[in-house]
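S.K.: To start, I am sharing the structure in question, which I have written as structure tokens.
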């Protein structure tokens, strides 16, 4: 396969930059540490809005192995806004059906049954290296159009200094080290975040004492495009297993190993291959593309902003893999942060607006940690009685519909609603659908000529649904009729939509003064 | 609705016997599994978080 080894190629090799020869450290508005999915998303979002950004990464290539493979609807909508959602959906595998097995029996199947009238599916499966490559392609495209984005490979941040109005970084390169200054430093450097460690910051939570073998296997098999999850399968007794399809004939296999194992021994092909053969059957030919053994923690930083250093993605919060809430939430961090940073940098909003990034995304992280912790407790019961209840729920689920909602093989990532955010204006349409209350991500809906979400985002918008409206201040106007899905999902009224497509306020009718007040609140100008 | 902690069964002896009969001949593990299934069935039948909280509180003693 031509592109199977994309992660072995140098995609943004080190190049000497004039900053390295400057007499004094050069100041940049924003430096992003880490060119993974969250760092690249942040750079593209800022670059699109004209905010100069420098991305530093200690490597020069995309991530090895499939890693995050399930990308949810909301991140796809964010990638649409950034101009690269379509390539991902074209390449990705769309799936809707999940089957749950206990032992050798299927206990039930579920269908994500996506509601109609949305541009994007509930999920696609796509290897992280493909996603990162697509983000890199988009970044290069924007650079060619003049967007102020720099990507510096083999540039490892080795020291960080915090000051009142900037941060300093020392960067190690193949040609020695140099210093830079940043008005804002965004740490997207992963769960092991060197930035977090260098600043000596907390990262507390719960360690799950279990190990999972994760393998990417290439095979031309006719397994359906479904998510299969086993509790206590004959090929991995007492543990769990997952089989999920990715593009290019690659399948993801996750096998729970238990706690008391030797990771290095388990990773050896002579030990991995028999396990996979037992799972797939003797007559299925396959090749191992990538194998890893991982354990995980559910934890978060107490605060995601520390003066001039802001944490996004795994550097700020970590979840178990059940529910695909890691990368998906990190991309939503970037979505939440970039417009705020832009307004602060251009002086349209006070620095305090960035505290709402902390409040809103801590809220999101809490929701993700709660859900992924509960999934983990179901999948890997930690006491005798929790295993008894788990098995009871599985047993009942085969015959009784009521027990199926108890079965938790991962509660799949959905965006959180920023209920109670200081940026919201209290709901003036309490009778209208709850899904579009202030704080919610805008539900998509078809319009006469495309989809709603393609018309929103990147700026404040006044969405007038079936009523008269006008542009106010920095907010543009979008008028649509209150028919079909628009009426179902929004009723009729005036909605103030944030640049990240979350709803800030809504009213039954247009009132310029109320909109001005809501805009002021949504930009942190009115506390 | 709140939890009823007053006598509510017409024939408590029959209900108690029904419960014991269900466990007859089972090993400890089988009995534990049956109890767990029974609790989940009843949990769903009650269907009210507040009542469940009160029930758990009452059971804790």
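The values are calculated or read from the model by the stated rules, or taken from the named source; none is laboratory data. Since the structure is predicted, the reported quantities are computational estimates derived from the model, not experimental observations. Because the Cβ atoms are built from the backbone with ideal geometry, glycine has one as well, and the counts that use them run over all protein chains shown.
S.K.: Looking at the stretch A:421-433, which of the residues that are surrounded by fewer than 17 Cβ atoms within 10 Å (Cβ to Cβ) and touching a helix residue (DSSP H, G or I) at 6+ places or on another chain (Cβ under 8 Å) is nearest to the other protein chains (Cβ to nearest Cβ)?
M.R.: Among those residues, the one meeting the criterion is A:433.
S.K.: Next question. Among the residues of the stretch A:243-255, which ones are more than 22 Å from the chain's Cα centre (by Cα) and surrounded by fewer than 19 Cβ atoms within 10 Å (Cβ to Cβ)?
M.R.: Correct list: A:248, A:249.
S.K.: Could you list all residues from the stretch A:368-396 that are out of contact with any strand residue (DSSP E or B) (no Cβ under 6 Å at 6 or more places or on another chain), crowded, with 17+ Cβ neighbours inside 10 Å and closer than 30 Å to residue A:524 by Cβ?
M.R.: A:368, A:371, listed by residue number.
S.K.: On to the next question. Among the numbered criteria (1) part of a loop (DSSP other than H, G, I, E, B); (2) away from chain B (no Cβ under 14 Å); (3) surrounded by fewer than 21 Cβ atoms within 10 Å (Cβ to Cβ), which one does residue A:408 miss?
M.R.: Condition (2) is where residue A:408 drops out.
S.K.: If you check residue A:230 against the conditions, is it in contact with a strand residue (DSSP E or B) (Cβ under 8 Å, 6 or more places away or on another chain), in a strand (DSSP E or B) and either more than 24 Å from residue A:302 (Cβ to Cβ) or without any contact (Cβ under 8 Å) to a residue 12 or more places away in the chain (or both)?
M.R.: Against the criterion (in contact with a strand residue (DSSP E or B) (Cβ under 8 Å, 6 or more places away or on another chain), in a strand (DSSP E or B) and either more than 24 Å from residue A:302 (Cβ to Cβ) or without any contact (Cβ under 8 Å) to a residue 12 or more places away in the chain (or both)), residue A:230 qualifies.
S.K.: State which residue is modelled with the lowest pLDDT when the search covers only the stretch A:376-405 and only residues that are within 14 Å of another protein chain (Cβ to nearest Cβ) and assigned to a loop (DSSP other than H, G, I, E, B).
M.R.: A:381
S.K.: Can you list the strands (runs of 3 or more DSSP E) found entirely within the stretch A:40-151 that contain at least 3 residues being more than 18 Å from the chain's Cα centre (by Cα)?
M.R.: Here the list reads A:53-56, A:97-102, A:105-111.
S.K.: Just a yes or no: is a residue in the stretch A:457-477 more than 28 Å from residue A:41 (Cβ to Cβ), under 29 Å from the mean Cα position of the chain (by Cα) and crowded, with 20+ Cβ neighbours inside 10 Å?
M.R.: No; the residues of the stretch A:457-477 include none that is more than 28 Å from residue A:41 (Cβ to Cβ), under 29 Å from the mean Cα position of the chain (by Cα) and crowded, with 20+ Cβ neighbours inside 10 Å.
S.K.: Cβ-Cβ distance below 7 Å, separation of 6 or more or different chains: which pairs start in the stretch B:39-61 with a residue that is in contact (Cβ under 8 Å) with a residue 24 or more places away in the chain and end on one that is surrounded by 14 or more Cβ atoms within 10 Å (Cβ to Cβ)?
M.R.: B:51/B:3; B:54/B:3; B:55/B:3; B:58/B:3
S.K.: Only helices (runs of 4 or more DSSP H) wholly contained in chain B count here; list those with 2 or more residues that are within 13 Å of chain A (Cβ to nearest Cβ), in contact with a helix residue (DSSP H, G or I) (Cβ under 7 Å, 6 or more places away or on another chain) and modelled with pLDDT of 95 or more.
M.R.: Numbers: elements: B:12-23, B:28-46, B:49-60.
Once the helices (runs of 4 or more DSSP H) in chain B are filtered for at least 2 residues that are within 13 Å of chain A (Cβ to nearest Cβ), in contact with a helix residue (DSSP H, G or I) (Cβ under 7 Å, 6 or more places away or on another chain) and modelled with pLDDT of 95 or more, what remains is B:28-46.
S.K.: Then there's this: Taking the condition away from chain B (no Cβ under 14 Å), touching a residue at least 12 places away in the same chain (Cβ under 8 Å), within 26 Å of the chain's Cα centre (by Cα) and more than 20 Å from residue A:492 (Cβ to Cβ), does residue A:436 pass?
M.R.: no
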